[in-house]
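K.L.:
Take this structure first; my questions come after.
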Amino acid sequence: MTPDFDVIFMTGPQGSGKGTQGKRLAAKLDFFLWDTGAALRAIASQDTPLGKEVAGIINNGNFLSDDLLIEILKDRLPEILKGRGVIFDGVPRRIGQAEYLLNYLKEQGKHRMMTVSIDVPREESLKRLLLRAETEGRADDTPERIEKRLRFFEEVVKPMMEYLKKETKYVEIDGTPSVDEVEREIDAALGIL
């Protein structure tokens, strides 16, 4: 079964399950998964000028500038896009990033783009992130940083999602049921049952 899209953007607030669903979808479709958080943590662990810069930003609970994130994408995307579909988790987050990424992907011949927006209420997001902090020990999952990320989502990411609504095929999924139920909803919405 060949899906009728070659790029999927996973969006939603932190703790919505978009990372989990992105992994499942990538395995099912044999798409490359671009996990922005994991990519940035890997870069931050390197003893290079870029690694130190990225580490300084994310360790303080801040977000990379569009320019810096786009530089990282430019450096890594050419290899990723060869002959495979791709799922983006954690990017774009701002309208500038979305414009750059969509234009770049179109230049690479990727025109069939889909956005899967997983929605959960703010309280659920908070609860899941605090649980993740306990179980995974993620340094960026402190209550203050979680609050900061949820505020960033409301103020910055949501307007970018409106842009994706206009520019890509867009589906909204309720992220509150079980992981398996959410997966079934996504499969149904994408027509890959």
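No value in this document is a laboratory result; all are computed from the given coordinates. From a predicted model like this one, the values you see are computed outputs, not experimental measurements. Cβ: placed from backbone, ideal geometry, glycine included. Neighbour counts: every protein chain shown.
K.L.:
Measure off 7 Å from each Cα along the Cα-to-Cβ vector at residue 148 and residue 181, then give the distance between these two points in nanometres to one decimal.
P.N.:
It is 3.4 nm.
K.L.:
Can you tell me the equivalent ellipsoid semi-axes for the chain? Use √(5λ) from the Cα gyration tensor, largest first, whole Å.
P.N.:
One finds semi-axes of 24, 22, 15 Å for the chain.
K.L.:
I need the calculated FRET efficiency for the pair residue 155 and residue 47, taking r as the beta carbon distance and R₀ as 45 Å, to the nearest 0.05.
P.N.:
Working from the Cβ atoms, E equals 0.85.
K.L.:
Could I ask something else about it? As an exercise, take the mean of 1/r over every pair of distinct alpha carbons in segment 34-110, invert it, and state the Kirkwood radius in angstroms.
P.N.:
Details: mean 1/r = 0.0765 Å⁻¹.
Taking every pair of different Cα atoms in segment 34-110, averaging 1/r and inverting gives 13.1 Å.
K.L.:
Apply the Karplus curve 6.51 cos²θ - 1.76 cosθ + 1.60, θ = phi - 60°, to the phi angles in segment 71-81 and return the couplings in whole Hz, x for Gly and Pro.
P.N.:
4, 5, 4, 4, 5, 9, 5, x, 5, 5, 7
K.L.:
When you take every Cα atom in segment 88-170, what is the radius of gyration, and what is Dmax, the widest Cα pair distance, in Å?
P.N.:
Taking only Cα atoms of segment 88-170, I get Rg and Dmax of 15.0, 42 Å.
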